Amino acid sequence: MAELKVDGVVHWSIPVNNLEEAEKFYGELLGLEPKGRLGGSGMSCFKAGDHNILLCVRNDATVRTPQQDNRLHHAFMVSPEMWERGCRVFHENGVKIAEPIVYREKGHFTGRELYFLDPSGNMLELCDPTWKPGMPAPTYEEIVGAN
């Protein structure tokens with residue numbers, strides 16, 4: 001039996017190399033709601049649905065890679081329309097895609113997944129949990145119209 005019972009999540013923190021660049025990426029590109037900076041702490045708060053995300057400036061601005069972080073990532077749930085729009089927006093804005101689209105049929109988190117990197121090298125995921133086996137499964141290149 002567990003010693004404690006957690007009632008919820010107050011916030012998750014994402015380390016970033018440049019706070020201004022990260023605020024623009026998470027606020028303007030991903031559409032998270034900015035809540036403001038936390039004084040002179042080098043942190044900025046954003047809202048994603050019912051969750052708070054803190055962007056925290058790293059002391060060592062070394063760019064991370066998914067390989068270094070053992071696939072550590074943060075996943076954002078979106079509608080099917082926003083998922084496909086995300087593919088096109090990322091393509092148009094030169095956002096680095098971390099791996100091919102995953103159409104996950106089994107496991108804890110099923111649906112279609114797009115893994116991408118923020119400007120600091122953190123891996124993020126857009127997840128459309130409504131995708132089911134048998135539905136179309138186009139490649140990223142097919143969605144964005146790239147050859």
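The values are calculated or read from the model by the stated rules, or taken from the named source; none is laboratory data. As the structure is a prediction and not an experimental result, all values here were calculated from the model. Backbone-built Cβ (ideal geometry, glycine too); neighbour counts: all protein chains shown.
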Select from the stretch 9-48 the residues that are under 22 Å from Glu84 (Cα atoms) and touching a residue at least 40 places away in the same chain (Cβ under 8 Å) and list them in ascending order.
-> Phe25, Tyr26, Leu29, Leu30
For residues that are touching a Leu at 6+ places or on another chain (Cβ under 8 Å) and either closer than 24 Å to Glu92 by Cα or loosely packed, with under 14 Cβ neighbours inside 10 Å (or both), tally how many sit in the stretch 31-54.
-> 4
Within the stretch 13-48, the residues that are within 13 Å of the chain's Cα centre (by Cα) and either assigned by TED's automatic domain parsing to the domain that holds Asn93 or part of a loop (DSSP other than H, G, I, E, B) (or both) are Leu30, Gly31, Leu32
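Examine the stretch 70-77 for a residue that is of a type in the set (Lys, Arg), in a loop (DSSP other than H, G, I, E, B) and under 26 Å from Lys47 (Cα atoms), and state whether such a residue exists. Break it down into steps so the answer makes sense when it comes.
So in the stretch 70-77, the residues of a type in the set (Lys, Arg) come out as 71.
Among the residues that remain, those that are also in a loop (DSSP other than H, G, I, E, B) are: 71.
From what is left, the residues that are under 26 Å from Lys47 (Cα atoms) are 71.
Yes: one or more hits.
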What are the pairs, 6+ residues apart or on separate chains, where a residue within the stretch 51-62 that is closer than 21 Å to Gly39 by Cβ and assigned by TED's automatic domain parsing to the domain that holds Ser41 has its Cβ under 6 Å from a residue that is hydroxyl-bearing (Ser, Thr, Tyr) and exposed (fewer than 15 other Cβ atoms within 10 Å of the Cβ)?
-> Leu54/Ser13; Cys56/Ser13
Could you grab me the full set of residues in the stretch 108-131 that are assigned to a strand (DSSP E or B), touching a Pro at 6+ places or on another chain (Cβ under 9 Å) and more than 18 Å from Asn70 (Cα to Cα)?
-> Gly111, Arg112, Asp128
If you scan the stretch 107-137, which residues turn out to be within 17 Å of Ala48 (Cα to Cα) and either of a type in the set (A, V, I, L, M) or not assigned by TED's automatic domain parsing to the domain that holds Leu72 (or both)?
-> Met123, Leu124, Leu126
Within the stretch 78-95, identify whether any single residue is more than 11 Å from the chain's Cα centre (by Cα), of a type in the set (Gly, Ala, Ser) and over 22 Å from Val16 (Cα atoms), and answer yes or no.
-> yes
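Which of the residues belonging to the stretch 86-98 are in a loop (DSSP other than H, G, I, E, B), surrounded by 14 or more Cβ atoms within 10 Å (Cβ to Cβ) and without any contact (Cβ under 8 Å) to a residue 60 or more places away in the chain?
Narrowing the stretch 86-98 to residues in a loop (DSSP other than H, G, I, E, B): 93-96, 98.
If we keep only those that are surrounded by 14 or more Cβ atoms within 10 Å (Cβ to Cβ) too, we end up with 95, 98.
Within the stretch 86-98, Ala98 is the sole residue that qualifies.
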